Amino acid sequence: MIAGRPVGPGCPVYVIAEIGLNHNGDVEVAKQLIDVAADAGVDAVKFQKRTPELATPPHMRDVVRETPWGAMTYLEYRHRVELDREQYIEIGDHAMLRGLTWFASPWDEPSVAFLEALNVAAYKVASASVTDLALLRTIAGTGRPVILSTGMSTLEQIDAAVAALDADERLIVLHATSTYPMPASEANLRMIPVLAARYPDVPVGYSGHEPGLQISLAAVALGATAIERHITLDRAMWGSDQAASLEPRGLERLVRDVRVIEEALGDGIKRVQPGELAPMAKLRRVRA
């Protein structure tokens, strides 16, 4: 359950719009993305929080890259796109005013403390953090719901992460492939029922990085109880996640089609449906 909303089999699919860093450090862009998510009818929006000196791998810190703000090191770029406490309060208030739950992926332990002070509804563990067991234990210590993405990980690494989180009924596991954008050949959606069987008491969902909607919709048909997709105002915007993100119209279609599929799945009990009664009376020659 996240902010009073049940998540799991038999519940409506929990749809998360991953804003991540697609705001490029601009609060107004973040608020526009929140509006896009609310208008589409998602349940939650998610951000990413880093302490750049800790979360940036040492071999990447001094790599120079071209950005919309000029050439800068990767570490300088990470500082440029981080939001501070007051900015998070502003976007968090905006999300709540639009009726959305908001939370974030902390990439280091000080970021957990930062988000804890803001009373976030839940924590998301990014696929890159699956093996950071110290971080996972810190997250577990908050007692809040946890969503665990499983990209770039083996089953053994996922087992270790689940054990470190020790979240019981507070845990949701998302099947994911951390390719941006992800080709269909790497989706491996049959992992959804595999994970559901491996962790029978844990809701299993899907975090997608593919172009289009088909794979995410197929995930719902295979039993995903939560769907997470990156969103953007425009895929042509600068940033490494933009190309693997859904634009506003795509997000609207995703939510619409998820709701149709979850209704169509039914309960698995064979019965004569109301709409069949008239055709049955007209067409069936031999009655049972």
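So for each of 118-125, 52-59, 186-193, 65-72 I average, over its residues, the number of other beta carbons within 10 Å; can you give me the resulting order with the highest mean first? List each step's numbers first, then the result.
Working: 118-125: 21.2, 52-59: 13.9, 186-193: 16.6, 65-72: 11.8.
So the order, starting with the most tightly packed, is 118-125, 186-193, 52-59, 65-72.
Once the C-beta distance of Thr154 and Val272 is scaled by a Förster radius of 45 Å, the resulting FRET efficiency is 0.45 to the nearest 0.05. Compared with the direct C-alpha span, the chain from Tyr180 to Trp238 gains 19.5 nm at full extension, assuming 0.36 nm per residue. Per residue, the accessible area of the chain comes to 47 Å², computed with a 1.4 Å probe over protein heavy atoms only. Legend: calculated FRET efficiency, Met96 to Glu66, from the Cβ-Cβ distance at R0 = 51 Å, rounded to 0.05, equals 0.90. Segment 1-80 and segment 152-170 have Cα centres spaced 23 Å apart.
For His175, nonlocal amide neighbours, meaning residues 5 or more places apart or on other chains whose placed amide H falls under 5 Å from its own, are Gly205, Tyr206, Ser207. Gain on full extension, evaluated as 0.36 nm per residue between Met280 and Arg256 minus their Cα-Cα distance, stands at 5.5 nm. Of the solvent-accessible surface of segment 1-144, computed with a 1.4 Å probe and all protein chains present, 53% belongs to carbon and sulfur. Near Ser105, the amide H atoms lying under 5 Å from its own belong to Phe47, Gln48, Lys49, Lys124; only residues 5 or more places off or on other chains count, and H is placed 1.01 Å from N.
Here the Karplus relation 6.51 cos²θ - 1.76 cosθ + 1.60, evaluated at θ = phi - 60°, turns the backbone of segment 273-288 into coupling constants of 7, x, x, 8, 5, 5, x, 5, 5, 7, 10, 7, 7, 10, 8, 6 Hz, with x for every Gly and Pro.
Taking each DSSP H run with n ≥ 4 as -39500 (n - 2.57) and averaging over every residue of the chain yields -11000 deg cm²/dmol at 222 nm. Translational diffusion of the chain, estimated by Stokes-Einstein from the Kirkwood radius over alpha carbon pairs at 37 °C in a medium of 0.692 mPa s, is 165 µm² per second. Within the full protein context, the accessible area of Arg235 is estimated at about 110 Å² for a probe radius of 1.4 Å. Per-residue packing, averaged as other Cβ atoms within 10 Å, sorts the ranges 224-234, 27-37, 276-286, 151-161 into the order 224-234, 27-37, 151-161, 276-286, beginning with the highest.
Hand me the tally of lysine pairs in the chain: alpha carbons under 20 angstrom apart, and the pair either on different chains or 8 or more positions apart.
Value for the chain: 4.
The values are calculated or read from the model by the stated rules, or taken from the named source; none is laboratory data. Bear in mind the structure is a predicted one, so any value in this text is a computation, not a measurement. Virtual Cβ from ideal backbone geometry, glycine too; neighbours counted across all protein chains shown. With ligands, DNA and RNA removed, areas are computed over all heavy atoms of the protein, side chains included. Shrake-Rupley method; radii C 1.70, N 1.55, O 1.52, S 1.80 Å.
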